[in-house]
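The values are calculated or read from the model by the stated rules, or taken from the named source; none is laboratory data. Fair warning: this is a prediction, and the values are worked out from it, not measured in the lab. Every residue, glycine among them, receives a Cβ derived from its backbone with ideal geometry; neighbour counts consider all protein chains shown. Calculation scope for accessible area: heavy atoms of the full protein, side chains included, ligands and nucleic acids excluded. Shrake-Rupley method; radii C 1.70, N 1.55, O 1.52, S 1.80 Å.
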Amino acid sequence: MTGAQPGWQGDAEAIAGKTMQAIAAASTMEALRQVEVRAVGRQGEISLLMRQIPTIPPAERKAFGQLVNRLQQEAEAALAQRKEQLIQALIDAELADDTFDVTLPGIARPRGHVHPLALVTDKVESVFTSMGFHVLDYPEVESEFNNFEALNIPSWHPARDMQDTFWLDDGHLLRTHTSSGQVRTMHQFAPPFRAIFPGKVFRYEATDASHEHTFHQVEGLMIDRHVSVAHLLDSMRTLLTAILERDVEIRLRPGYFPFVEPGFELDISCQVCGGKGCPVCKQSGWLELLPCGLVHPQVLRAGGLDPAEWQGWAFGLGLSRLVMMRYGVPDVRLLLSGDARFLSAF
Ligand code: FA5
């Protein structure tokens, strides 16, 4: 800039000079904070200079703007530097103080935990992906068709009563089982394919130690030209051994589900009571865990597949119950209770 200094320049530099001196003189964090507020706070002197920019005559506005910007940056840099010096001085003083008690307990920071359901779901997914399965995710709000009709459960069928349903006003429902994804998968992929779909399911029913209204299942579905019950059972055994990491007794009984033929119920000896009988297994020593079977021809048809060409097996694992068996959880309602005392055990 040439010629005489405009008045605003001297004023601005005077404010900046005063601010720099105050920063250097601030001997505590609180004093420094006050200097900061006075200089660059909302009503601070440098902030007010910023706001004056539009009022400066156009010929001088650019130079004024540049000057105020520079002063603000310098003030902020000086504040940051002084803050660091003061913090370092506090640390030095603390270290030099020989009354510092190193035996005082530290501040315990609460740590987050992976939810046991997530731990077991991850494990199930890794067992099945190692056997070539896809992991799929389907909606919790479902159509009546996918949840019931396509699974050979028309509206008049007594099997509808096996799964009390939360209906939505628009005729949709909250899926009562992950089997609702079976026909979706058949429409989505060309056979042969194998997939699992874990997720949350909902039933309008009374709760007890082994029943929740909201719980987790994993569906497994394999479609190929030749599939067998032997392959299904072998996959189930591989899964249970990998998850439970111990030999457990299982038993297979005939089970009725309209969407499989033949159908089975795979029970596991109760791991909470060791098979002696408890509220979880209703004193029977066994827990229903893993219904399964060969996919019914009607379901293949609903999925657009020709039963003369394609066969399949499916299972619907009670994931919440598997978590209970894995960790000896005595009540399924603990899983979604959000109780931090329970969750911190994992
Ligand atoms: C079904 O949901 C079928 N979709 C399973 C299936 C899939 C059969 C594929 C054949 C082929 P079920 O209602 O039995 O079946 O439930 C499956 C598992 O979910 C049960 O064995 C049990 O482990 C678990 N389960 C059922 N109801 C509850 C509940 N209220 N709370 C917690 N777990 C439950």
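Which members of region 210-227 meet the condition of being more than 25 Å from the chain's Cα centre (by Cα) and surrounded by 14 or more Cβ atoms within 10 Å (Cβ to Cβ)? Outline the logic, then answer.
Initially, region 210-227 is screened for residues more than 25 Å from the chain's Cα centre (by Cα), giving 222-227.
Answer for region 210-227, where residues must be more than 25 Å from the chain's Cα centre (by Cα) and surrounded by 14 or more Cβ atoms within 10 Å (Cβ to Cβ): M222, I223, D224, V227.
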Output the residue which, of all residues in region 161-209 that are open to solvent by 20 Å² or more (accessible area, probe 1.4 Å) and in contact with a Gly (Cβ under 7 Å, 6 or more places away or on another chain), is nearest to the ligand (Cβ to nearest atom). R194
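With the requirement that a residue be more than 31 Å from the chain's Cα centre (by Cα) and in contact (Cβ under 8 Å) with a residue 60 or more places away in the chain, what does region 304-346 give you?
Initial filter on region 304-346 (more than 31 Å from the chain's Cα centre (by Cα)): 304-312.
Of everything in region 304-346, those that are more than 31 Å from the chain's Cα centre (by Cα) and in contact (Cβ under 8 Å) with a residue 60 or more places away in the chain turn out to be G304, L305, E309, W310, Q311, G312.
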For V183, all conditions in the list (1) outside any helix (DSSP H, G or I); (2) out of contact with any strand residue (DSSP E or B) (no Cβ under 7 Å at 6 or more places or on another chain); (3) in the same structural domain as G303 (by TED's automatic domain parsing) hold save one; what is the number of the exception? (1)
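If the requirement is being among the basic types (K, R), exposed (fewer than 15 other Cβ atoms within 10 Å of the Cβ) and not in a helix (DSSP H, G or I), which of these qualifies: R61, R42?
From the options R61, R42, the qualifying one is R42.
Collect the residues in region 130-160 that are among the small types (G, A, S) and open to solvent by 20 Å² or more (accessible area, probe 1.4 Å), keeping them in residue-number order.
At the first step, the residues of region 130-160 found to be among the small types (G, A, S) are 130, 132, 143, 150, 155, 159.
Once the filter is applied, which keeps residues that are among the small types (G, A, S) and open to solvent by 20 Å² or more (accessible area, probe 1.4 Å), region 130-160 yields S130, G132, S143, S155.
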Of the numbered conditions (1) touching a residue at least 40 places away in the same chain (Cβ under 8 Å); (2) under 28 Å from M324 (Cβ atoms); (3) among the charged types (D, E, K, R), E149 satisfies every one except a single condition; which is it? (2)
Of all residues being under 23 Å from V229 (Cα atoms), assigned to a loop (DSSP other than H, G, I, E, B) and open to solvent by 10 Å² or more (accessible area, probe 1.4 Å) in region 279-326, which is nearest to the ligand (Cβ to nearest atom)? Just the residue, please. H296
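I'd like the residue in region 82-106 that is touching a helix residue (DSSP H, G or I) at 6+ places or on another chain (Cβ under 9 Å) and surrounded by 11 or more Cβ atoms within 10 Å (Cβ to Cβ) and, out of all such residues, is modelled with the lowest pLDDT.
Of the residues in region 82-106, the ones touching a helix residue (DSSP H, G or I) at 6+ places or on another chain (Cβ under 9 Å) are 82-83, 86-87, 90, 100.
From what's left, surrounded by 11 or more Cβ atoms within 10 Å (Cβ to Cβ): 82-83, 86-87, 90.
Details: R82: 96, K83: 96, L86: 95, I87: 95, L90: 91.
So, considering only residues that are touching a helix residue (DSSP H, G or I) at 6+ places or on another chain (Cβ under 9 Å) and surrounded by 11 or more Cβ atoms within 10 Å (Cβ to Cβ), the one modelled with the lowest pLDDT is L90.
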Any residue in region 78-104 that is without any contact (Cβ under 8 Å) to a residue 60 or more places away in the chain sitting within a Cβ distance under 6 Å of a residue that is surrounded by 10 or more Cβ atoms within 10 Å (Cβ to Cβ) and acidic (D, E)? List the pairs, counting only those 6 or more apart or interchain. L79/E36
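Got at least one residue in region 263-271 being surrounded by fewer than 16 Cβ atoms within 10 Å (Cβ to Cβ) and either in contact (Cβ under 8 Å) with a residue 12 or more places away in the chain or over 33 Å from the mean Cα position of the chain (by Cα) (or both)? Spell out how you get there, then give the answer.
Applying the first criterion (surrounded by fewer than 16 Cβ atoms within 10 Å (Cβ to Cβ)) to region 263-271 yields none.
For region 263-271, residues surrounded by fewer than 16 Cβ atoms within 10 Å (Cβ to Cβ) and either in contact (Cβ under 8 Å) with a residue 12 or more places away in the chain or over 33 Å from the mean Cα position of the chain (by Cα) (or both): absent.
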A308 fails exactly one of (1) over 24 Å from D267 (Cβ atoms); (2) touching a Ser or Thr at 6+ places or on another chain (Cβ under 6 Å), namely (2)
